[in-house]
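Contents: one structure, followed by commentary.
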Amino acid sequence: MASASSFKVKVEGGYLQFSAAHFITYGGKCERLHGHNYGVTVEAEGTLNEDQLVFDFTILKRLTREICQRLNHRFLLPMKNPHIELIASADEWEIRFREKRYVFPRSDVVELPIDNSTAERLAEYIAQELLEALAPYNTLNVQTLTVGVSEAPTQMACYHLDLRGRLPG
């Protein structure tokens, strides 16, 4: 039986970062509003394509950078969080958690289809956005995609997508 082999490409650093404000809810509590200088790492693993690449670094960096730019200098609003009350108006978002109340201009908010703005959920969100951005490219040789989001140099959460078994197109 032949052994399975694969290659991995990794992009990180440089412009693969964003600064954003957030809070998370956990254990019946709500953190104080704060921010991070997030770093993003992307790994694509698979076999080599006809050009002897897993995937083109420059395209992977560009697509990831575009996602980071959409999150940069924004408040990260988890639209599916069951513990917060969201009140939208034409110009602002009001967010309530028990006695806490925040009001943000809509232009300062990025509405995310997640339940909490943890590093884990942000990594999942970025991975899904990246997968969608990769749709026009031939990625049939890419077997896995892993996205890491670091909140600090010593802490990172990762989300791993297994892409094997996808249908072409």
| task | Using a cut-off of 15 Å between beta-carbons, work out the net charge of the residues near ALA4 (Lys and Arg +1, Asp and Glu -1, ALA4 not included). | result | 0
| Reachable lysines from LYS8, criterion Cα separation under 18 angstrom, eight or more residues apart if same chain | LYS61
| message | Starting from 0.36 nm per residue, how many nanometres of slack lie between GLU94 and LYS8 once their C-alpha separation is accounted for? | response | 26.6 nm
| Environment charge at ILE24 (Cβ cut-off 12 Å; Lys +1, Arg +1, Asp -1, Glu -1) | -1
| With every protein chain present, what accessible area does LYS61 have (1.4 Å probe, heavy atoms only), rounded to the nearest 10 Å²? | 90 Å²
| query | So how tilted is helix 57-71 from the main axis of the chain? Cα-based, degrees 0 to 90, rounded to 10. | reply | 10 degrees
| message | Please give me the summed charge of the neighbours of ARG74: other residues whose Cβ is under 11 Å from its Cβ, Lys and Arg +1, Asp and Glu -1. | response | 0
| Taking springs between alpha-carbon atoms closer than 10 angstrom, which of THR154, THR64, THR144 fluctuates most in the Gaussian network model of the chain? | THR154
| Leaving out same-chain residues fewer than 8 places away, which aspartates and glutamates sit with a Cα under 13 Å from that of LYS80? | GLU111, ASP115
| query | Rounded, prolate or oblate: which fits the stretch 106-157 when a ≥ b ≥ c are the square roots of the eigenvalues of the alpha-carbon gyration tensor, with rounded for a/c under 1.5 and prolate only if a/b beats b/c? | reply | oblate
| query | Between GLU129, GLU120, GLU50, which gets the highest mean-square fluctuation from a Gaussian network model of the chain, Cα cutoff 10 Å? | reply | GLU50
| said: Only Cα pairs within less than 10 Å get springs; with that Gaussian network setup on the chain, which residue of PRO78, PRO113, PRO153 has the largest fluctuation? | reply: PRO153
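The values are calculated or read from the model by the stated rules, or taken from the named source; none is laboratory data. Keep in mind that what you see is a predicted model, and the values were worked out from it rather than measured. Positions of Cβ are backbone-derived with ideal geometry, glycine not excepted, and every protein chain shown enters the neighbour counts. These area figures cover heavy atoms from the full protein model, side chains too; ligands, DNA and RNA do not enter into them. Shrake-Rupley method; radii C 1.70, N 1.55, O 1.52, S 1.80 Å.
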